[in-house]
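Before any comments, here is the structure.
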Amino acid sequence: MKVSLFITCLADVFYPKVGMNVVEVLRSYGVEVDFPQDQTCCGQPAFNSGYHKEARESARQLIKAFADSPMVVTPSGSCASMIRHYYPDLFKDEPEWKERAIELADKTYEFSEFLVHVLKVEDIEAKFPAHATYHHSCHMSRGLGLKGEPIKLLGQVEDLEMEDLPYCNDCCGFGGTFAAKMSDISEKMVDEKIKNIETTGADVLIGSDMGCLMNIGGRLRRLGKEVRVMHVAEVLAEGGQK
Amino acid sequence: MSAHPLIFNERVDKALADPILKKALPLTQDRLRGGRINAAEQLGNVEEWRELASQIRSHTIANLDSYLEELVTNVRKNGGHVHFAATSDDAVEIITGIAKEKNAKSVVKSKSMVSEEVHINKHLEDMGIKVVESDLGEYIIQLANETPSHLIAPAIHKTREQVREMFSKVAGRQLSDETTELTAFAREKLRQEFLQADIGISGCNFAVAESGSVVLVSNEGNARLTTTVPKVHIAMMGMERIVPTWNELDMVVSMLTRSATGQKISVYVTGINSPRQSEDSDGPEEFHLVILDNGRSNILGTAYQEALNCIRCGACLNVCPVYRHIGGHAYGGVYSGPIGAVLTPLLGGYEEWLELPYASSLCGACSEACPVKIPLHDLLIEHRKDEVEMGLTPFSEKMAFKGFGFATSHPSVYETAVKLAHSGMGFLAKDGVISKGPGMLGGWTDVRDLPQPAKQSFREWWKKEGKGRNQ
Amino acid sequence: MDLKKQEDFLNNIASKLGRPRRSGVEPPKWESKPYLHLYEGKSHEELIEDFITNLGQLNTKVDRISRDQFAASLGNVIQDFEVRSTVYWDDEALDSLCLSDVLEKNQIDAFRWDPNENEEEMKQRTAHVDLGIVFADLGLAETGTVVLFNGGGRGRLVSLLPPKFLCILSEKDIVPRLTQAVQKVHERVSEGLPACINFITGPSRTGDIEMDLAFGVHGPGKVHVILLKDE
Ligand code: SF4
């Protein structure tokens, strides 16, 4: 099986290790991974801010970059949701691009989704002794309807004790430019999220979107809290050497 | 829309600093959203209900002229009076005109958001007419001289201590802060008002076209009193609040109460079909229906048309994490929460309501909760798009996204930018962390740390070592 | 003048919708019936039980009795609710239960909502009695709702002004849910509806003070239902 990795701009620049871990996990299942170098960003920052012309420019680039890929895997529920939900609509007046957008949408998978639904992974061979909780990012759980998938994967990791996160459906306050534009509201949201994380007693917060994790992690750090923040792929890869 | 003294940011700051809101909002939200979730679980197939409710609303709005015509024909046939109000001023003129003609001294009102839209209380009071809100929550905020902060729980920002103080003042004696004592006082006090009132003004949850009926949904019974005791009843309705027949009413009422509080049905659902009939000895002698446009028709035929499907259940407020922290008043308009952020700029224009579409993290909780499936967060993006296209966004932002569009569509430029990110932001970083950034970054770093871009980006790693390792 | 306003108003809607004016549109037959599973396959007996359970959850007791137990049952309500005075509908269904006799035996200061009486006096009296008594047209099992087609001797204020409310209902009139009730209303549209139809589900309530539930803020705070077994 061959897939292309869509790293996402955030992971590319800030969290390359997440990308490396995704590659490592996929390869451990015999998947051949490539990385089309012409990929940039899915365009979501522009799209969500209303700059749809600019978002289309990014989208075209991404569509072109993955034109020859049989499948695309990305470690971000949010970017996958951007491609799947908004790309076709973004090109509603350009039939040719719309068709290509739908094609990309149909072959793009979020990381956990790919593992559970395409690879049908049932027996993760990982051991990660930790007390953890999971953050359901909005675009992944609502946008893509993926809630059980990462939980299912993490449930197979040996010695990983998962706690339910209270108010797990509530947004962490990231929201892209929202976090900067309305930072005072965002602050209250992320603080509430952190309060809920703390009630679980978890030492590790696991998620599937580096945007949320950058927000929560950045606030945790600012507050001097010790909770470690990790992507699902990091847990699976780090726990892989059992 | 209201002329509000504070700009958006100031209203938000004020709300965020309010200790009462901080306590009351999550409490109310949790109760109401919990109720809705339970109700949905009881149904089991809530998605099918939402789908049908949405179809019904969309069909009705798409044929609004026909159903309104049918409605008013039937209202007249039943002996009621119909008034079309294109603007808020028209509505005021109509209602004050009726009050003048009836020589009214006092008016009781049951909850009506439309009446808030046209500030009818103020206009009636200016004529020397006493206006009393009878919904307990509305009565509380009327005494406090405030506006509702929630669609269905208008006084959630008031504590029992505050209520006790206000009620005690009216009563002329000290009341305890027991809920039962406070409500008993309100019952007694408002009952007197009802028995004296010349006119009752109600809202309209739904009008039924086929029979010319106005249907009111309430738990307290004040809507029944308003529409039964005074000699004249005026119902104020937003022009979109209509269903074709009683059969469709079933679906929208079932969704309204379940989504609002989680009740399978409200305590009272009251169908007002005509003024009193010849054999009756209660009920108003006159019935007036005021149908208000006030900017709604401008939404028809646009990307926002679905916003008119709203049945004002408040579910989107109850799940909104932004509303949870800033409450209703910070939005500044009559309607708050996600639906307020969508609707207010449509009714009042971007000039005054530029920031509202940005008061959302686009988490989509609202769209998921909405019983008539309005894609609320998508409509907020639509607003932002319109603001961009109308050139209303700041120059620096425009430039930034122009650059973004260019870089992301030119891989070599993008790659260079990625490569430079680490060192480029190096001057801001300390131990790999940026805690104070300039410009937009400042908003981020005011609240949280930002990691310094990695020394080696993923794409560089791939080129150097990642590529060759496929087994 | 008014008609012109109406035409302008409606024409504007049509033009904003980007099409010519429409008139006489009827709703499509909705294929989906998401409510069916809530009651399909339930026997009438089960519906009756649902009705009773649902009202029970709303602080409302239901006595299910045969007609000959009515006097005793009403006696209990009078005691429970500490009733000294009452107003009741001028309604054959209540007469057939000999309501006025039972009230008299219990020495209740009772009066009938009589459309021929002085209206203002009736209103004042109704505002001051302890209990209002009506005979409902329908009961809805899913919600514990009673449906009242008011009009004439069936005054709206009877179920509204007194602090306590007694509703009598024949169990044969229990239907699964709102769906059947609105269908009945729909069928009656052509012959003309009464001025007011009430759907009432338990006692008047409010949560407007700190979400703390309180009963009886405007309508009756105590409700009791007597359900007559079919004979
Ligand atoms: S937008 Fe939807 S959820 Fe919000 S108040 Fe309207 S109907 Fe309810």
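The values are calculated or read from the model by the stated rules, or taken from the named source; none is laboratory data. Keep in mind it's a predicted model, so treat the numbers as computed, not measured. Don't worry about glycine lacking a Cβ; one is built from the backbone with ideal geometry, like all the others, and counts go over all protein chains shown. Please note that ligands, DNA and RNA were not included when accessible areas were found on the heavy atoms of the full protein model with its side chains. Shrake-Rupley method; radii C 1.70, N 1.55, O 1.52, S 1.80 Å.
Evaluated at q = 0.21 Å⁻¹, the base-10 log of the normalised Debye intensity for the stretch C:10-89, with identical point scatterers placed on the Cα atoms, takes the values -1.13. Can you tell me how the stretch C:39-228 classifies by the Cα gyration tensor, rounded, prolate or oblate, using a/c under 1.5 as the rounded cut? Judged from the Cα gyration tensor, the stretch C:39-228 comes out rounded (a/c under 1.5). Let me know the shape class of chain A, please: from the alpha-carbon gyration tensor, a ≥ b ≥ c as square roots of the eigenvalues, rounded when a/c is under 1.5, otherwise prolate if a/b is greater than b/c, or oblate. Oblate. For peptide A:29-41, the mean count of partner chain Cβ atoms within 10 Å of a residue's Cβ comes to 4.
When the protein assembly as shown is described by a simple charge dipole with +1 on each Lys and Arg Cβ and -1 on each Asp and Glu Cβ, the residue from C:GLN57, A:GLY211, B:THR302 located farthest towards its positive end is A:GLY211. Dividing the summed helix terms, -39500 (n - 2.57) for each DSSP H run of n ≥ 4, by the number of residues in chain A produces a 222 nm estimate of -13000 deg cm²/dmol to the nearest 500.
What shape does chain B take by its C-alpha gyration tensor, where a ≥ b ≥ c are the square roots of the eigenvalues and a/c under 1.5 counts as rounded, a/b above b/c as prolate, and the rest as oblate? It comes out prolate by the Cα gyration axes. Between C:ASP2 and A:HIS131, the simple label model (points 7 Å from Cα in the Cβ direction) yields a spacing of 7.3 nm. With contributions of -39500 (n - 2.57) from each DSSP H run of at least four residues, the per-residue ellipticity at 222 nm computed over chain B stands at -15500 deg cm²/dmol. Take each residue in B:288-295, count the other chain C-beta atoms within 10 Å of its C-beta, and the mean is 1. For chain B, the share of accessible area belonging to carbon and sulfur comes to 53 percent (1.4 Å probe, ligands and nucleic acids excluded). Between A:SER141, A:SER76, A:SER49, the GNM of chain A built on Cα springs shorter than 10 angstrom shows A:SER49 fluctuating the most. Couplings 3J(HN,Hα) of the stretch B:346-352, computed from phi: 6, 7, x, x, 6, 3, 8 Hz, in residue order, whole Hz [Karplus 6.51 cos²θ - 1.76 cosθ + 1.60, θ = phi - 60°; x for Gly and Pro]. Loop-located trypsin sites (Lys or Arg not before Pro) across the stretch A:116-221 with a Cβ neighbour count of 12 or fewer within 10 Å are A:LYS120, with loop assigned by DSSP.
If one takes the longest principal axis of the Cα atoms in chain B, at what angle in degrees, from 0 to 90 and to the nearest 10, does the Cα axis of helix B:46-62 lie? Long axis of B:46-62 versus the principal axis of chain B: about 70 degrees. A compact globular protein would have a Cα radius of gyration near 2.2 N^0.38 Å; the ratio found for the stretch B:115-220 is 1.17. Legend: calculated FRET efficiency, B:LEU392 to C:GLU46, from the Cβ-Cβ distance at R0 = 56 Å, rounded to 0.05, equals 0.40.
Taking all protein chains into account, the per residue accessible area for the protein assembly as shown stands at 37 Å² (1.4 Å probe). Each residue of the stretch A:123-128 was assigned a 3J(HN,Hα) from its phi angle through the Karplus expression (A = 6.51, B = -1.76, C = 1.60, θ = phi - 60°), giving 9, 5, 9, 9, 9, 9 Hz with x at Gly and Pro.
When DSSP beta bridges are restricted to pairs lying wholly in the stretch C:39-228, around 25% turn out antiparallel.
The angle separating the long axis of helix C:44-56 from the principal Cα axis of greatest extent in chain C is about 80 degrees.
When B and A come together, around 5900 square angstrom of accessible surface is lost from both chains combined, probe 1.4 Å. Remark: accessible surface ordering of C:HIS224, B:HIS410 (largest first) is B:HIS410, C:HIS224, probe radius 1.4 Å. Restricting the chymotrypsin sites (Phe, Trp or Tyr not before Pro) of the stretch A:1-103 to loop positions (DSSP other than H, G, I, E, B) with no more than 14 neighbouring Cβ atoms within 10 Å leaves A:TYR29.
In the elastic network of chain C, a GNM with C-alpha springs shorter than 10 Å, the most mobile of C:GLU171, C:GLU49, C:GLU187 is C:GLU187. What a 1.4 Å probe finds exposed on chain C is 46% carbon and sulfur by accessible area, rounded to a whole percent. Normalised by the number of residues in the stretch B:361-471, what is the relative contact order in percent for Cα pairs under 8 Å and 6+ residues apart? Value for the stretch B:361-471: 15 percent. The contact between chain B and chain C removes approximately 7600 Å² from the accessible area (both sides summed; 1.4 Å probe; ligands, DNA and RNA excluded). Across the stretch B:402-410, coupling constants 3J(HN,Hα) worked out from phi with the 6.51/-1.76/1.60 Karplus curve, θ = phi - 60°, read 4, x, 4, x, 5, 4, 6, 9, 10 Hz, and Gly and Pro carry x.
The gain in end-to-end length when the B:ASP89 to B:GLU41 segment is fully stretched comes to 12.9 nm, 0.36 nm per residue minus the alpha carbon separation. A cut-off of 5 Å between modelled amide H atoms, ignoring neighbours fewer than 5 places along the same chain, links C:GLY151 with C:ARG156. Write down the percent of antiparallel bridges among all DSSP beta bridges whose residues are both part of the protein assembly as shown, to the nearest 5. For the protein assembly as shown, the DSSP antiparallel bridge percentage is about 25. The slack between B:LEU441 and B:LEU195, meaning 0.36 nm per residue of separation minus the straight C-alpha distance, is 82.5 nm.
Highest mean packing first, where packing is the average number of other Cβ atoms within 10 Å per residue, the peptides B:45-54, B:199-208 line up as B:199-208, B:45-54. Using just its DSSP H runs of length 4 or more, each adding -39500 (n - 2.57), chain C gives a mean residue ellipticity at 222 nm of -9000 deg cm²/dmol after division by all residues. Between the C-alpha center of the stretch C:110-173 and that of the stretch A:109-149 there is a gap of 58 Å. Ellipsoid fit via the Cα gyration tensor, the protein assembly as shown: semi-axes of 56, 29, 26 Å, each the root of five times an eigenvalue, largest first. Shown here for the stretch B:157-255: trypsin sites (Lys or Arg not before Pro) in loop regions (DSSP other than H, G, I, E, B) with at most 13 other Cβ atoms within 10 Å, namely B:ARG173. Peptide packing: for A:161-167, B:375-381, C:73-79, the average count of neighbouring Cβ atoms within 10 Å per residue gives the ranking B:375-381, C:73-79, A:161-167, highest mean first. Under Stokes-Einstein, with the Kirkwood radius over Cα pairs standing in for Rh, what whole-number D in µm²/s applies to the stretch A:122-238 at 4 °C and 1.567 mPa s? D = 91 µm²/s. Where the accessible area of the stretch A:103-242 is counted over protein heavy atoms with a 1.4 Å probe, how much of it, in %, is carbon and sulfur? Ligands and nucleic acids excluded, carbon and sulfur give 46 percent.
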